[in-house]
Amino acid sequence: MITEMERLKGELKALNAEYGKIKDVPAEKRGEFGRELNVRKQEILGKMAELESEVLNAEVESLDVTAPMGVNEGISELLTADNGSKHPLMVEMDRIIEIYRSMGFEAVESRQLDDEFHMFDSLNFEKGHPARDGYDTFRTEEGLIPPAHTSTMQYRVLKANRHKLEKGEAIATVVPGRVFRNEDVDATHEHTFYQCEGVYVSETCTLGDMLGILREFFEKYYGQKLDIRTQPGYFPFTEPSLEFLIEKPKTLGGKKGDYLEMLGCGMIHPNVLKIAGIDPEKYHGFAWGGGVDRLVMLKYGLDDVRNFEAGRLSFLREF
């Protein structure tokens, strides 16, 4: 709807165009023509001034943005907004944790700022080891590190729960969290994303137990039976190290023989257990870690990881 002020501005613009026609008016009538234009112009300018004065002198209700809605009663039209909702990554993270908890795992949230020891030293990364380059990340001026992987929590999980081993119980923990890497951002790479780590230690666990847990997780998450496959990998904190692949789910158009690499995993390196005060001769463990963003992208057929961090309402409303 056109406001009164906009209408008056339109009239003034049209009137100014009339002044250009004065040269076409006979000389004896130009004076009268000009006076009429000036009268009309003053009328329009006067009305515009009245409207501006009304706006300036209008009583404005105060709004206390910190108060409950009832305090601001009477101006609710200024406060109308769509109800918020959980971010799709957080919805899926809850589902991931729910599946692992159903298998007996507890969940511990990762940190968003850590140090050199937990990022590298406690995970069997030697000083100057080239494997550190694969976790290129940011650093603060104080030398702290926004973690490049949720494995920074492994030492804490092992040390805080080693008493369970002495009682004949297993350490079974998953670690969800946000991680940061110095990435060239594109549709499949983001500098900020989420991972979920898994750690399991007992006297009797084997690599076969790990593969069974991971297979169970992915079958529950994608809602179908899946074939699995592994291939050799390398991580300083596991030995042997594997890359875990699943059969591409049918919901993603997968066919027999199509496989997707989902995460890295392996048996926890004896040095990692030893640093955490656990006897690697008596106890064994396995660990895994993978990206949550990619897991969700595959589940919903999304093609651009940047949408998760972009804050685009049009994308978020799809969920």
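Please treat every number below as a calculation from the coordinates, not as lab data. As the structure is a prediction and not an experimental result, all values here were calculated from the model. Heads up, the Cβs are rebuilt from the backbone with ideal geometry, glycines too, and the neighbour counts pull from every protein chain shown.
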Working out 0.36 nm times the residue gap between Phe138 and Leu113, then minus their Cα-Cα distance, what length gain in nm do you get to one decimal? 8.0 nm
Where the centroid of each part is defined by its Cα atoms, how far is the range 138-173 from the range 198-256 in Å? 21 Å
Within 10 Å of each residue's Cβ, count the other Cβ atoms and sort Val25, Val296, Val55 from fewest upward. Val55, Val25, Val296
Take the chain, connect every pair of alpha-carbon atoms lying under 10 Å apart with a spring to form a Gaussian network, then pick out the residue of Gly290, Gly266, Gly212 with the largest mean-square fluctuation. Gly212
Work through the residues other than Pro270 whose Cβ is under 10 Å from its Cβ and net out their charges, Lys, Arg +1 and Asp, Glu -1. -2
With log10 I(q)/I(0) by the Debye sum over Cα atoms at q = 0.06, 0.11 Å⁻¹ defined as stated, name the option among (1) -0.41, -0.79; (2) -0.16, -0.58; (3) -0.21, -0.70 computed from the structure displayed. (1)
Label Arg317 and Leu207 with points 7 Å out from Cα along Cα→Cβ: what is the distance between them in nm? 5.1 nm
Restricting to aspartates and glutamates and to Cα separations under 18 Å from Lys41, and discarding same-chain partners fewer than 8 apart, the set is Glu4, Glu6, Glu11, Glu18, Glu32, Glu50, Glu52
Net charge over other residues, Cβ less than 15 angstrom from the Cβ of Gln224 (K, R count +1; D, E count -1): +3
Quote to one decimal, in nm, the extra length available between Glu309 and Phe33 on full extension: 0.36 nm per residue of separation minus the C-alpha distance between them. 93.0 nm
Only Lys, Arg (+1) and Asp, Glu (-1) charged, at Cβ; the chain dipole about Cα centre in debye: 780 debye
Compute the signed sum of charges (Lys and Arg +1, Asp and Glu -1) over the other residues within less than 15 Å, Cβ to Cβ, of Arg215. -3
Cβ density ranking, 10 Å radius, fewest first, applied to Ser241, Ser314 yields Ser314, Ser241
Listed residues Asp227, Asp303, Asp24; largest mean-square fluctuation, Gaussian network over the chain with Cα springs below 10 Å, found at Asp24
Identify all lysines with a Cα-Cα distance to Lys220 below 20 Å; exclude those on the same chain that are fewer than 8 residues away in sequence. Lys248, Lys250, Lys255, Lys256, Lys299
